[in-house]
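First up is the structure itself, then whatever we jot down about it.
The values are calculated or read from the model by the stated rules, or taken from the named source; none is laboratory data. Note that the coordinates shown come from a computational prediction; the quantities given were computed from them, not determined experimentally. FYI the Cβ positions are ideal-geometry reconstructions off the backbone, even for glycines, and counts take in every protein chain you see.
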Amino acid sequence: GVFNGNKATWLRKALSSRAESGAPPPQLFATQHSTEMLSPFFGALVEGLVVTITQSPSEVMALALERLILLMSLESSLSAPYISRVSSLCLAVFIKSSHDPVLVSLVQDLLQELCQHTTHDTALQTKFMPTLVSLLNAPPNKVPSGVHSVALDMMTVLIRKCQSPDKDNLLMNAVFPAVVNRVLHTDDLSTQQNGGECLRAFISVAAPQVVSWRDADGRSGLEYVVEVCNHLLAPSMPDGAATFVGRLVTALIHNVSQHLGDSLHMLLRSVLSKLQSTDTLSVVQNLVVVFAQLINNKLEDVLSFLCSVPGPEGDSALSFVLVSWCSKQHTFYGSYERKVTVLALAKLLEHGILQDDPRLQGITLQGDQIMSTERGPRTRSATMARPEQWTQVPLLVKIFKLIIYELSNVIEANMAKDDSQDEGDDEEEGWEDEPEEDGVD
């Protein structure tokens, strides 16, 4: 009986009252185990949520979008008939609320669910991509602030999540040029970052098409991606523009290195140049990962290249990269980045010991601080006269210490995880031993 009458009104009131009180949405929509129960009312629920989303303030819209995401994640036989209706809603909410990061994030989550329906891939791309391309091609003063950035984010979702993207026609002939043009002609940091991530999706999903595509002047898609990388890595660009470009360079090396030719060395020189001009940890880490990936896959090639390029202080670029890397390795974050860099360090250590490589043996770097033996407080003038002193250690010794440090962190984390699991088991056992109270079935 709860669904009799005006279902949209009931849904809107239910969601509004919970939004105002801070209570969660109706639990009827919060479980994925209610498919059988929901089946007779599925269409009415979807329609009610769609109407609620289009007629409600942002707080209620967010709650309704969350419920709609759950509904569309149920069996495809239930949700498939409503793909067109919900995708139109997605696009409308995106255009209307592109300034609201919460709603945009929910729309992206909903779009990801829609992309799971492979039979609707073409329809989704045809509906979304022309609108997104039109937004990307529009001058910044003709569209709402920030819309270029979120349009690139939406495009990345479509490229990565559609099971069969239209690579040869819509994707390469319309989307790709629009993305490249927007990244090369914007000063907005978010647009630069999201544009780089969107191009990384192209390289991951449609690398052969990027390599073979040509514009009217005969330039390949790969040339344009390399141009974007060099543009974002330029010393004149802010550090934020290069925060994620290391991932794009790594994707190029991983997927199309055989097609890069001389462009690879040009890219690596740009990475080196940016590494020399930045102290921002996130940028340093992402650029170091580029060399770590090369060490893991093409050790001799990258060693030879770095030895052939001069560093900023007269030594080789190899010395500069490894000293910068080892001095910051303990501050790196992210499980993937730490895994890649530690494996590369282990490979360098193995190579340096087994091959007795003089290119590595000759590098030294800062070790431990030498503590003063003088007792009592030191004046400022005394401190300036005798600045801090540090030991110098061979590179391979430093690498060995870093690997031990990372290993100890992993062991400690695993022990803490095991202890937590044991405590959970003890609590469960204790609960089972509790005597039942009278009157409890």
Check on residue 333, modelled with pLDDT under 95, assigned to a loop (DSSP other than H, G, I, E, B) and within 30 Å of the chain's Cα centre (by Cα): yes
Considering the range 229-247, residues that are touching a Leu at 6+ places or on another chain (Cβ under 6 Å) and aliphatic (A, V, I, L, M), and then whichever is nearest to residue 193 (Cα to Cα), we arrive at 241
Against the definition (assigned to a helix (DSSP H, G or I), at pLDDT below 90, polar (S, T, N, Q) and surrounded by fewer than 16 Cβ atoms within 10 Å (Cβ to Cβ)), how does residue 105 come out, yes or no? no
From the list 212, 145, exactly one residue is closer than 24 Å to residue 261 by Cβ and polar (S, T, N, Q). Which is it? 212
Counting only residues that are touching a strand residue (DSSP E or B) at 6+ places or on another chain (Cβ under 8 Å) and within 23 Å of residue 407 (Cβ to Cβ), which one in the range 323-371 is surrounded by the fewest Cβ atoms within 10 Å (Cβ to Cβ)? 368
I'd like to verify a number: residues in the range 392-410 that are at pLDDT below 90 and assigned to a helix (DSSP H, G or I), how many? 2
If I filter the range 266-279 for residues that are within 26 Å of residue 161 (Cβ to Cβ) and of a type outside the set (Phe, Trp, Tyr), do I get at least one hit? no
Just to verify a result, which residue in the range 103-154, among those that are within 22 Å of the chain's Cα centre (by Cα) and among the hydroxyl-bearing types (Ser, Thr, Tyr), is nearest to residue 200 (Cα to Cα)? 149
How many residues of the range 277-318 are over 15 Å from residue 266 (Cα atoms), crowded, with 16+ Cβ neighbours inside 10 Å and touching a Phe, Trp or Tyr at 6+ places or on another chain (Cβ under 7 Å)? The answer is 4
Output the residues belonging to the range 145-165 that are touching a helix residue (DSSP H, G or I) at 6+ places or on another chain (Cβ under 9 Å) and surrounded by fewer than 16 Cβ atoms within 10 Å (Cβ to Cβ). 163, 164
Filter the range 337-365 for residues that are of a type in the set (Val, Ile, Thr) and under 16 Å from residue 291 (Cα atoms); the one that is nearest to the chain's Cα centre (by Cα) is 340
Filter pass, residue 119 being in contact with a helix residue (DSSP H, G or I) (Cβ under 9 Å, 6 or more places away or on another chain), hydroxyl-bearing (Ser, Thr, Tyr), surrounded by fewer than 20 Cβ atoms within 10 Å (Cβ to Cβ) and assigned to a helix (DSSP H, G or I): yes
